[in-house]
Amino acid sequence: MSDSENTQPETNEVRLSILGMSCAGCVGAVEGALATVTGVESFNVNFADHSATVKGDVNPELLTQALKSAGYDAAVMEGFEDPAEQEALEMQRYRDKMKKALIAAAFGVPLMIAGHLDWLPAVNSSNGQSFWSQVAIMTLGIMIYCGGHFYTGAIKALQLKQANMDTLIALGTGAAWLYSCIVIDYYTVLPSLSAHAYFEAAIMILAFINLGSGLETLARGKTSSAIRQLIGLQPRTARVVRNGVEVDIDIAEVGLGETLRVRPGEKIAVDGQVLEGYSTIDESMLTGEPIPVEKTAGSKVAAGTMNQKGSFLFTATRIGRDTALAQIIKSVRQAQNSKPEIAKLADRISAVFVPVVVAISVFTFFMWWIFAGELALGYAFVTSMTVLVIACPCALGLATPISVMVAVGRAAQMGILIRKGEALQTAGKLNCVILDKTGTVTEGKPTVAAIEVLSDLNEEIILSYAASIESASEHPLAAAILAKATEKQIKLERVRGFAAIAGQGIGGKINGKEVLFGNSMLMTSKGVEYAQHTEKLAEFAVLGQTPMLLAVENHIVAIIAVADPIKKDSAQAIAQLQAKGVRVLMVTGDNEITAQAIAKQAGITEIRAQVLPQDKASVVKELQAQGLCVGMVGDGINDAPALAQADVGIAIGSGTDVAIESADIVILQGSLLKVSQVMALSKVTVANIKQNLIGAFFYNTLSIPVAAGLFYPLFGLLLNPMVAGAAMAMSSVTVVSNANRLRWIKLD
């Protein structure tokens, strides 16, 4: 085997942290570099958090090399980064940028004030040459220290025949310094009104841009707080029981099937199943449900959730990247990196924006030079430099991804996983929602609703017969019978000659007596008379319950009705959707009578009953053909085709059921109230993105003509390059701040 074959990884996904991305134009350059690497199948580049996710059979080293060749430093992000380390790194970046801004301002502000007050020697004075030459050297040193990354980035972009924000800043500040040096050396041949040095402008531009970048870094750190909180849920150590001894080990060393001890107040290390003990667990960060959940032997527990007062042992069933917490973090990251349709417009514009700005800057220079008379050269320089500085498309590039990041993080904290950016954009447009019945409108956990005694046997004996014979059954309703028997502390009897008849019921002998338990078809096939009980059977069916007949020695002794009750908040959730004008349908495989009964309790007026799982997708297509934007809400298993066909597929899962590939959105808590919240979040997020885009477009559209001096002949309005630098920097801060409003905005 060759060395190159040895280096091929088996992983299908690589996460990269990318340094040097300064504007939306950089996204295209990064995407272009990644596309050249052999084996790359797909990738998503997130300008908001300076990362990329790459899928395919590819060597990570080749990815980092390709990015470095394109002028960007990159590193592979493995496992879960420590939230404390990440926050410390962000703060270090913030302090570094603020330090550079302070140093530039410390020199630029006094120079600017002194210049305005005419305290500085004229360039053409006896001591002006010496003074301004020293200023030029000091300015150059400050520019290299405070803005060196802009100049190196511009050079690398030029080598790749590209242009980005670094290009604009390097051209603007570099031109200011070079022009000022020309003024010092050749002031005698320049028009007197053009012989002005702009050293303070170059420095103050860098001061404002570093200040804005620092504030943006600080604000951007808040946008990823949700995912950092999720990562922070993962404990670093676990207490395992090995050879009868409890030892603390690193979380990475825990193996499948190991027994772990959880003490009061500790976080659960990995997913597992309780072996012994009792406690309550706070699963709020996993499901959005604030009420602690009771856990006993057999209960499932999830990594990252917080144990309350009890202590218990559990066995590890999922570890590392397979835990529910890891899957949630992966889903959140994928959604934050995905681009809704609205983002693609901004990307296309940003890709050509910088070259267009450079062209406008050159055009502005020549127009002033030709038509401005004695002021020509000075004004031509100032206006062209101002155009370069003010037009950086940073805000445009941040407009969409920063809002998506905040919204997806907000949803995760509510127990809602948004897996695709398109779903975040589309959910607010839904005007028709299809609901599955079992596990969606109802609890999905059948319980005994009634026991109708039809003989001289008491209820305990009847329940003993039913539970004993059901103990050998795998039917979903068996769990309800057994749970009722456990609740009543009924002793189970031994069953002999057990037989299950598909679609009818079960039979066997208990204490030598022939016992049958099932529906009317079973009784008919066994010759048991039940005609006198048909009216009672119908009464149970109308209530949405499933009645089962119990016969002992060929005589009906009882009817046991099992029901799957609707969730306590289903009716409220459906009423909320209907109040928003959303058409709500329930589509189920159950019979018409049961479906009508459940629909009536939930407040649903339109149902489709006896629909096979594979036919639910056809119902979705039918409604889409009517011009409706359709959302499908189901359990993600037998509803997979319908979830995939719908405009937005919403899977109702448990706190540990997050890997539902057919769904666009997963609701972990299982509450239908979240559907309305998803729609509300979608609407406010899209509105927030539009605000950001319109603000960025408006800013650039208005600022460029003003910077070019278009309004100078009419109003005498001409922007100072320093003001342009401040305005450009603050536009990005404004966009990030506006996106952060989504963290607190009320969702109806």
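Might you check whether a residue that is assigned to a helix (DSSP H, G or I), within 48 Å of the chain's Cα centre (by Cα) and over 20 Å from Q596 (Cα atoms) occurs anywhere in the stretch 428-438? Yes, the stretch 428-438 contains at least one residue that is assigned to a helix (DSSP H, G or I), within 48 Å of the chain's Cα centre (by Cα) and over 20 Å from Q596 (Cα atoms). Restricted to the stretch 69-92, and to residues there that are in a strand (DSSP E or B) and open to solvent by 40 Å² or more (accessible area, probe 1.4 Å), the residue that is modelled with the lowest pLDDT is M77.
Checking each residue in the stretch 188-199 for being at pLDDT below 80 and crowded, with 20+ Cβ neighbours inside 10 Å picks out A197, Y198. Applying the set (1) at pLDDT 90 or above; (2) open to solvent by 20 Å² or more (accessible area, probe 1.4 Å); (3) assigned to a helix (DSSP H, G or I) to I607 leaves exactly one unmet item: (3).
Condition check ((1) surrounded by fewer than 24 Cβ atoms within 10 Å (Cβ to Cβ); (2) aromatic (F, W, Y); (3) modelled with pLDDT under 85) across all residues:
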{"residue": "L612", "(1), (2), (3)": "yes, no, yes"}
{"residue": "D615", "(1), (2), (3)": "yes, no, no"}
{"residue": "K621", "(1), (2), (3)": "yes, no, no"}
{"residue": "Q626", "(1), (2), (3)": "yes, no, no"}
{"residue": "G631", "(1), (2), (3)": "no, no, no"}
{"residue": "A642", "(1), (2), (3)": "no, no, no"}
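Looking at A359, is it modelled with pLDDT under 85 and either at negative phi or within 28 Å of the chain's Cα centre (by Cα) (or both)? No, not satisfied.
Scanning for something modelled with pLDDT of 85 or more, among the hydroxyl-bearing types (S, T, Y) and part of a strand (DSSP E or B), does the stretch 457-479 turn up at least one residue? Looking for residues that are modelled with pLDDT of 85 or more, among the hydroxyl-bearing types (S, T, Y) and part of a strand (DSSP E or B), one finds none in the stretch 457-479, hence no.
Within the stretch 146-158, the set of residues being open to solvent by less than 50 Å² (accessible area, probe 1.4 Å) and either under 18 Å from V27 (Cα atoms) or among the polar types (S, T, N, Q) (or both) comprises F150, G153, A154, A157.
In summary, V37 fulfils each of the numbered conditions (1) farther than 21 Å from F150 by Cβ; (2) of a type in the set (A, V, I, L, M); (3) part of a loop (DSSP other than H, G, I, E, B); (4) at pLDDT below 85 with the single exception of condition (4). Is there a residue being modelled with pLDDT under 80 and open to solvent by 40 Å² or more (accessible area, probe 1.4 Å) anywhere in the stretch 168-178? Looking for residues that are modelled with pLDDT under 80 and open to solvent by 40 Å² or more (accessible area, probe 1.4 Å), one finds none in the stretch 168-178, hence no. Filtered by the rule that a residue be charged (D, E, K, R) and under 44 Å from the mean Cα position of the chain (by Cα), the stretch 471-502 gives E474, K484, E487.
Return the total of residues in the stretch 110-136 being on the phi < 0 side of the Ramachandran plot and without any contact (Cβ under 8 Å) to a residue 60 or more places away in the chain. Of the residues in the stretch 110-136, 18 are on the phi < 0 side of the Ramachandran plot and without any contact (Cβ under 8 Å) to a residue 60 or more places away in the chain.
In a residue-by-residue description of the stretch 478-498, the property of being free of Cβ contacts under 8 Å to residues at least 12 places away in the same chain, among the charged types (D, E, K, R) and more than 30 Å from I607 (Cα to Cα) applies to at least one position.
Looking across the stretch 539-591, the residues that are under 27 Å from M632 (Cα atoms), polar (S, T, N, Q) and either at pLDDT 90 or above or surrounded by fewer than 19 Cβ atoms within 10 Å (Cβ to Cβ) (or both) come down to S570, Q572, Q576, Q578, N591. Applying the criterion of at least 3 residues that are under 17 Å from Q504 (Cβ atoms) to the helices (runs of 4 or more DSSP H) found wholly in the stretch 515-590 leaves 520-526, 534-542. For first residues located in the stretch 574-585 and farther than 17 Å from T440 by Cα, partners that are open to solvent by 50 Å² or more (accessible area, probe 1.4 Å) and not acidic (D, E) and lie 6+ apart or on another chain with Cβ distances below 8 Å form the pairs G581/N431; V582/N431.
I'd like the residue in the stretch 282-296 that is in a loop (DSSP other than H, G, I, E, B) and within 14 Å of L230 (Cα to Cα) and, out of all such residues, is modelled with the lowest pLDDT. Residue satisfying both the conditions and the ranking: G288. The C-beta contact set for the stretch 239-267 (first residue in contact (Cβ under 8 Å) with a residue 40 or more places away in the chain and over 15 Å from G277 (Cβ atoms), second residue assigned to a strand (DSSP E or B) and open to solvent by less than 70 Å² (accessible area, probe 1.4 Å), distance under 6 angstrom, 6+ apart or interchain) comprises V254/A238; V254/A316; L256/A316; E258/V240; E258/A316; K267/M306. A residue that is modelled with pLDDT under 85, β-branched (V, I, T) and assigned to a helix (DSSP H, G or I) can be found somewhere in the stretch 200-213.
Taking the stretch 500-527 as the range and being at pLDDT 90 or above and over 20 Å from I461 (Cα atoms) as the test, the residues that pass are L522, M523, T524, S525, K526, G527. From the list E493, E459, E487, E470, the lone residue that is closer than 18 Å to L549 by Cβ and open to solvent by 40 Å² or more (accessible area, probe 1.4 Å) is E459. When Q601 is tested against (1) crowded, with 20+ Cβ neighbours inside 10 Å; (2) assigned to a helix (DSSP H, G or I); (3) not hydrophobic (A, V, I, L, M, F, W, C), exactly one condition is not met: (1).
Restricting the search to helices (runs of 4 or more DSSP H) fully inside the stretch 649-748 and requiring at least 3 residues that are open to solvent by less than 40 Å² (accessible area, probe 1.4 Å) and under 23 Å from L218 (Cα atoms) gives 673-707, 721-740.
Inspection of the stretch 397-407 identifies at least one residue that is touching a helix residue (DSSP H, G or I) at 6+ places or on another chain (Cβ under 8 Å) and under 30 Å from K621 (Cβ atoms). When the stretch 531-584 is filtered for residues that are under 28 Å from the mean Cα position of the chain (by Cα), among the aliphatic types (A, V, I, L, M) and within 19 Å of I598 (Cα to Cα), the ones remaining, listed by number, are A573, I574, A575, L577, V584. Comparison of M112, M138, M143, M98 shows that the only residue that is assigned to a helix (DSSP H, G or I) and open to solvent by 70 Å² or more (accessible area, probe 1.4 Å) is M138. Taking the stretch 365-416 as the range and being open to solvent by 10 Å² or more (accessible area, probe 1.4 Å) and hydroxyl-bearing (S, T, Y) as the test, the residues that pass are Y379, S384. The requirement of being open to solvent by 20 Å² or more (accessible area, probe 1.4 Å) and under 29 Å from L612 (Cβ atoms) is not satisfied by L522.
Take the conditions (1) within 28 Å of the chain's Cα centre (by Cα); (2) closer than 23 Å to G544 by Cβ; K600 misses just one of them, which is (1).
The values are calculated or read from the model by the stated rules, or taken from the named source; none is laboratory data. The structure presented is a predicted model; accordingly, all values stated were derived computationally and were not measured. Glycine also receives a Cβ, built like all others from the backbone with ideal geometry; neighbour counts cover every protein chain displayed. Heavy atoms of the whole protein, side chains included, go into the accessibility calculation; ligands, DNA and RNA do not. Shrake-Rupley method; radii C 1.70, N 1.55, O 1.52, S 1.80 Å.
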